[in-house]
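Shown below is the structure under consideration.
The values are calculated or read from the model by the stated rules, or taken from the named source; none is laboratory data. Fair warning: this is a prediction, and the values are worked out from it, not measured in the lab. Cβ sites come from the backbone with ideal geometry, for glycine too, and all protein chains shown count toward neighbours.
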Amino acid sequence: MKVLLTTMALGLGGGTDLVVLDAARAIQSRGHTVELHTVDPTDWGSLGRTFPEVARLPEVAWLSRREAQARHPPSWLQRVRWYRRILSRLWHERRGCLIVNLNGDILPAPAHLTCVYFPLAASEKWPEASPWRSSLSRRVIPPLLRLENRRSLRQAHTRIVAISTYTQEAVRAAWGVPSTVVHPPVQLFLPEPPPGTRANAIVTVASFRHRKRLDRVLEVARLVPDARFSLLGASGPESGPILADLQTTAAKEGFTARMTFGLDAPRAEVEGQLWKSKIYLHPTPHEHFGISLVEAMQAGCVPVIPRSGGQWTDILEAKDGIWGYGYDTPEEAATRIRSVLEDDSLQRRMSARAQERGLQFSRDRFRERFLNVFEEVVSSATH
């Protein structure tokens, strides 16, 4: 069977790329033919540098056939409109093909199978997870999306895959439909850790965006004066002002010497810092899942994370003191960090448990669970 995979874009970095690539590989392993449909054409060379084992997929890209529009970067809304057209056209011309929508946060249907990280139509109820900073956008866009999403879901009875139980709850609230939880794949840390003991260091890996609440890292650093902090992450349009504000605050507070910022740090540098640090501090509440958290746990960092989102419900299973710790305030996070730094025996025990837990979120496990749902969809579509 020919399977048409759709996503807005491939090659943006992070977990979304890995979901698309591993879903494609899993489907191909069952003898199906895969064709990728995107808005933006994929830079396969760049993608291959991030994922060396990647095999190029046959691709139909909307913008590559519309060079006039490509000269002028389209707006977010324009890209969404084009993605809607892609889904609609493929659905009406499917003729024996199966459509898998791997970018279902905005438009879940029409498709046979849809993967959802967090339905944007639910951000009215979960404003902390909203991508919009404008209060007007937060009020107006989610209700409109919810109406459009529910209409399209009635037309096409798509099977929904949610990446966490947190997302599953949001899907139910936004669309009134059930979903199956399949945790996203995480690249395993295969190299041996570098020799030497871990430093009294706390590391954070998060993109430099407003929603990530990176200012919380500085709030915690102020309360833990005897440790070094590293903040590493990818850049974006808003990264420059955010980094400048963080550096200014660190200078005013007098802890620039023990605070490192790494914008677009190479993967090897990120991995090296995770291996050398005792604690992973995550500042972002209401994360949909938390791939950087799992990577840190695989490297043996003890996680200290907000008690919210998929990171808390799915990765730590809402349990304190087994694989890591949750916090509600910067003061509580600082207390947790100090307790680990001051007790070497506790740090070693927690590190071993965190590593064991992190290794459970593997790419092989994702492929297995994704294929279970995919084969059920294939069976329904062919009967």
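Scan segment 228-244 and give yes if some residue there is under 23 Å from Arg198 (Cβ atoms), assigned by TED's automatic domain parsing to the domain that holds Gly300, of a type in the set (Lys, Arg) and touching a strand residue (DSSP E or B) at 6+ places or on another chain (Cβ under 9 Å), otherwise no.
Here is the first cut: in segment 228-244, the ones under 23 Å from Arg198 (Cβ atoms) are 228-233.
Now narrow it down to the ones that are assigned by TED's automatic domain parsing to the domain that holds Gly300: 228-233.
Keeping just the survivors that are of a type in the set (Lys, Arg) gives 228.
Add one more test, that the residue is touching a strand residue (DSSP E or B) at 6+ places or on another chain (Cβ under 9 Å), and what stays is 228.
Yes; the residues of segment 228-244 include at least one that is under 23 Å from Arg198 (Cβ atoms), assigned by TED's automatic domain parsing to the domain that holds Gly300, of a type in the set (Lys, Arg) and touching a strand residue (DSSP E or B) at 6+ places or on another chain (Cβ under 9 Å).
Any idea which residue in segment 198-221 is surrounded by the fewest Cβ atoms within 10 Å (Cβ to Cβ), counting only those that are outside any helix (DSSP H, G or I) and among the aliphatic types (A, V, I, L, M)? Break it down stepwise before answering.
Within segment 198-221, the subset outside any helix (DSSP H, G or I) is 198-209, 213-214.
Still in the list and also among the aliphatic types (A, V, I, L, M): 199, 201-203, 205-206, 214.
Details: Ala199: 12, Ala201: 19, Ile202: 27, Val203: 26, Val205: 23, Ala206: 22, Leu214: 22.
Top of the filtered list is Ala199.
While we're looking at this one, here's another question. For segment 288-337, give me each residue that is small (Gly, Ala, Ser) and not in a helix (DSSP H, G or I).
Within segment 288-337, the subset small (Gly, Ala, Ser) is 290, 292, 296, 299-300, 308-310, 318, 321, 324, 326, 333-334.
Of everything in segment 288-337, those that are small (Gly, Ala, Ser) and not in a helix (DSSP H, G or I) turn out to be Gly290, Ala299, Gly300, Ser308, Ala318, Gly321, Gly324, Gly326.
For segment 143-150, indicate whether the set of residues that are on the phi > 0 side of the Ramachandran plot, modelled with pLDDT under 90 and surrounded by fewer than 22 Cβ atoms within 10 Å (Cβ to Cβ) is non-empty.
Just the residues of segment 143-150 that are on the phi > 0 side of the Ramachandran plot, to begin with: none.
Checked segment 143-150: no residue is on the phi > 0 side of the Ramachandran plot, modelled with pLDDT under 90 and surrounded by fewer than 22 Cβ atoms within 10 Å (Cβ to Cβ).
Take the residues of segment 222-247 that are among the polar types (S, T, N, Q) and more than 29 Å from Ser339 (Cα to Cα): which is surrounded by the fewest Cβ atoms within 10 Å (Cβ to Cβ)? Spell out how you get there, then give the answer.
Within segment 222-247, the first condition is being among the polar types (S, T, N, Q), and the residues that meet it are 230, 235, 239, 247.
Okay, now just the ones that are also more than 29 Å from Ser339 (Cα to Cα), so 235, 239.
Values: Ser235: 14, Ser239: 17.
Restricting to residues being among the polar types (S, T, N, Q) and more than 29 Å from Ser339 (Cα to Cα), the top hit is Ser235.
Could you please let me know if Ile86 is surrounded by 15 or more Cβ atoms within 10 Å (Cβ to Cβ), touching a helix residue (DSSP H, G or I) at 6+ places or on another chain (Cβ under 7 Å) and at pLDDT 90 or above?
On the way: surrounded by 15 or more Cβ atoms within 10 Å (Cβ to Cβ): yes; touching a helix residue (DSSP H, G or I) at 6+ places or on another chain (Cβ under 7 Å): no; at pLDDT 90 or above: yes.
The answer is no for Ile86.
Still on this structure, I have one more. Looking only at segment 268-303, which residues are more than 17 Å from Gln360 (Cα to Cα), aliphatic (A, V, I, L, M) and crowded, with 23+ Cβ neighbours inside 10 Å? Even if it seems obvious, please write down each step before you answer.
Going residue by residue through segment 268-303, those that are more than 17 Å from Gln360 (Cα to Cα) are 268-288.
Next, from what is left, pick out any that are aliphatic (A, V, I, L, M): 268, 270, 274, 279, 281.
If the condition is that a residue be more than 17 Å from Gln360 (Cα to Cα), aliphatic (A, V, I, L, M) and crowded, with 23+ Cβ neighbours inside 10 Å, then Leu274, Ile279, Leu281 are the ones that fit.
Yes or no: Asp264 acidic (Asp, Glu) and in contact with a strand residue (DSSP E or B) (Cβ under 7 Å, 6 or more places away or on another chain)?
Working: acidic (Asp, Glu): yes; in contact with a strand residue (DSSP E or B) (Cβ under 7 Å, 6 or more places away or on another chain): no.
So Asp264 fails the test.
Which ones in segment 222-250 are within 15 Å of Val270 (Cα to Cα) and part of a loop (DSSP other than H, G, I, E, B)?
Ala234, Ser235
Name, by its number, the condition in (1) among the hydroxyl-bearing types (Ser, Thr, Tyr); (2) over 20 Å from Asp22 (Cβ atoms); (3) buried (at least 21 other Cβ atoms within 10 Å of the Cβ) that does not hold for Thr335.
Here Thr335 clears every test but (3).
A further question follows. Which residues, taken from segment 94-122, are at pLDDT 90 or above and of a type in the set (D, E, K, R)?
Matches in segment 94-122: Asp105 only.
State the number of residues belonging to segment 251-267 that are outside any loop (DSSP other than H, G, I, E, B), under 20 Å from the mean Cα position of the chain (by Cα) and without any contact (Cβ under 8 Å) to a residue 12 or more places away in the chain.
To start, the set of residues in segment 251-267 that are outside any loop (DSSP other than H, G, I, E, B) comprises 251-253, 256-263, 267.
Still in the list and also under 20 Å from the mean Cα position of the chain (by Cα): 262-263, 267.
Within this subset, residues satisfying the condition of being without any contact (Cβ under 8 Å) to a residue 12 or more places away in the chain are none.
Qualifying residue count for the region: 0.
Inspect all residues belonging to segment 306-320 and state whether any of them is over 29 Å from Glu124 (Cβ atoms), surrounded by 18 or more Cβ atoms within 10 Å (Cβ to Cβ), not assigned by TED's automatic domain parsing to the domain that holds Lys125 and not hydroxyl-bearing (Ser, Thr, Tyr). Steps first, answer last, please.
So in segment 306-320, the residues over 29 Å from Glu124 (Cβ atoms) come out as 319-320.
Next, only the ones that are surrounded by 18 or more Cβ atoms within 10 Å (Cβ to Cβ) stay: none.
Scanning segment 306-320 turns up no residue that is over 29 Å from Glu124 (Cβ atoms), surrounded by 18 or more Cβ atoms within 10 Å (Cβ to Cβ), not assigned by TED's automatic domain parsing to the domain that holds Lys125 and not hydroxyl-bearing (Ser, Thr, Tyr).
I've got another one for you. So which of Val340, Val270 ends up being under 20 Å from the mean Cα position of the chain (by Cα) and either farther than 30 Å from His157 by Cβ or part of a strand (DSSP E or B) (or both)?
Numbers: Val340 fails: under 20 Å from the mean Cα position of the chain (by Cα).
After applying the criteria, what remains is Val270.
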